[in-house]
Structures are given as C-alpha cells and as structure tokens.
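A.B. asks: Let me give you the structure first, and then I'll get to my questions.
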Amino acid sequence: MSKQSTALVLHSGGQDSTTCLAWALREFKHVELLSFDYGQRHQIELEASRQIAEHLNLDHKVIALPFFAELGKNALTDHSVEVDSGDADRLPSTFVPGRNLIF
C-alpha cells in the first residue's frame, strides 16, 4: 500500500491526539502538527505536544486563541471554576462552547 503525501494532525499532546498521530505517521509520508493554546488548564499537554514533535522531528505550529475564556465560564479556561462531570440536566464544567467547531 502506498502512503498518501501529507497529513495535518490537530494535536493537544493528550492520549487521543497522540494515538491519531501514530496512525497518521503510519499512513502518510509527511505529517505536521497543529496545536491550539486557548488558555486551557492543562498546559502540560501543550508541552507534551512540543516534546513529541521535537522527538519525532515533526513541524509543529501552536496557534494562540486567547478569546476562549470569553465564550462562556468553564473549568478549562477559568481556574475559579471547579472541575465536575455534570449530570443529566447540565453539561460538565469543562465544556468549552464552540471549541471543536473553531478547531
């Protein structure tokens, strides 16, 4: 099977996006990484993404999206909000409105 030419992987530095990266590396000749810094609580993931890109010698771009905290109060961008899992009547406190749509 011949590999496709290029893939762009949206990479948070977390487990799921790193699994996608492993798949892309197997399927594509050239892979680049794109990460978003939206002021998220888990900055360690962005550092992990940088380290993974460096270790694999991949191009890696981080785009700052500082306006995410203004989209709605949530635990990922506001440290005063406690992390919870929500319930049947409401979304978890970590829900960031429009995040995946913008990504």
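The values are calculated or read from the model by the stated rules, or taken from the named source; none is laboratory data. The structure displayed is predicted, hence computed values, not measured ones. Here the Cβ positions follow ideal geometry from the backbone for every residue, glycine too, while neighbour counts run over all protein chains shown.
Condition check ((1) aliphatic (A, V, I, L, M); (2) in contact with a strand residue (DSSP E or B) (Cβ under 7 Å, 6 or more places away or on another chain); (3) more than 29 Å from VAL31 (Cα to Cα)) across all residues:
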site	(1), (2), (3)
LEU58	yes, yes, no
PRO66	no, no, no
ALA75	yes, no, yes
HIS79	no, no, yes
PHE103	no, yes, no
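A.B. asks: Take segment 73-103 and flag every residue that is within 15 Å of ASP37 (Cα to Cα) and either among the acidic types (Asp, Glu) or touching a Pro at 6+ places or on another chain (Cβ under 7 Å) (or both).
C.D. replies: Listed by number, the list holds a single entry, ASP78.
A.B. asks: Right, next: Looking at this structure, is ARG50 surrounded by 12 or more Cβ atoms within 10 Å (Cβ to Cβ) and in a helix (DSSP H, G or I)?
C.D. replies: On the way: surrounded by 12 or more Cβ atoms within 10 Å (Cβ to Cβ): yes; in a helix (DSSP H, G or I): yes.
Yes.
A.B. asks: I want to confirm something. Restricting to segment 77-103 and keeping residues that are under 14 Å from the mean Cα position of the chain (by Cα) and not in a loop (DSSP other than H, G, I, E, B), which single residue is surrounded by the most Cβ atoms within 10 Å (Cβ to Cβ)?
C.D. replies: It comes out as ARG99.
Every residue, every condition in (1) touching a residue at least 24 places away in the same chain (Cβ under 8 Å); (2) under 25 Å from VAL83 (Cβ atoms), yes or no:
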| residue | (1), (2) |
| --- | --- |
| GLY14 | yes, yes |
| TRP23 | no, no |
| PHE28 | yes, no |
| VAL62 | yes, yes |
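A.B. asks: When the residues of segment 53-76 are narrowed to those that are of a type outside the set (Phe, Trp, Tyr) and assigned to a helix (DSSP H, G or I), which ends up surrounded by the most Cβ atoms within 10 Å (Cβ to Cβ)?
C.D. replies: First, the residues of segment 53-76 that are of a type outside the set (Phe, Trp, Tyr): 53-66, 69-76.
Subsequent filtering for residues that are assigned to a helix (DSSP H, G or I) retains 53-56, 66, 69-71.
Working: ALA53: 22, GLU54: 10, HIS55: 8, LEU56: 13, PRO66: 10, ALA69: 16, GLU70: 8, LEU71: 15.
Among residues in segment 53-76 that are of a type outside the set (Phe, Trp, Tyr) and assigned to a helix (DSSP H, G or I), the one surrounded by the most Cβ atoms within 10 Å (Cβ to Cβ) is ALA53.
A.B. asks: Does GLU32 satisfy the criteria of being crowded, with 16+ Cβ neighbours inside 10 Å, charged (D, E, K, R) and assigned to a strand (DSSP E or B)? Even if it seems obvious, please write down each step before you answer.
C.D. replies: Details: crowded, with 16+ Cβ neighbours inside 10 Å: yes; charged (D, E, K, R): yes; assigned to a strand (DSSP E or B): yes.
Against the criterion (crowded, with 16+ Cβ neighbours inside 10 Å, charged (D, E, K, R) and assigned to a strand (DSSP E or B)), GLU32 qualifies.
A.B. asks: Which of the numbered conditions does SER49 fail, given that it passes all the others? Conditions: (1) modelled with pLDDT under 95; (2) within 10 Å of the chain's Cα centre (by Cα).
C.D. replies: All conditions pass for SER49, except number (1).
A.B. asks: Residues of segment 1-29 being part of a helix (DSSP H, G or I), touching a helix residue (DSSP H, G or I) at 6+ places or on another chain (Cβ under 7 Å) and more than 23 Å from LEU101 (Cα to Cα), which ones?
C.D. replies: none
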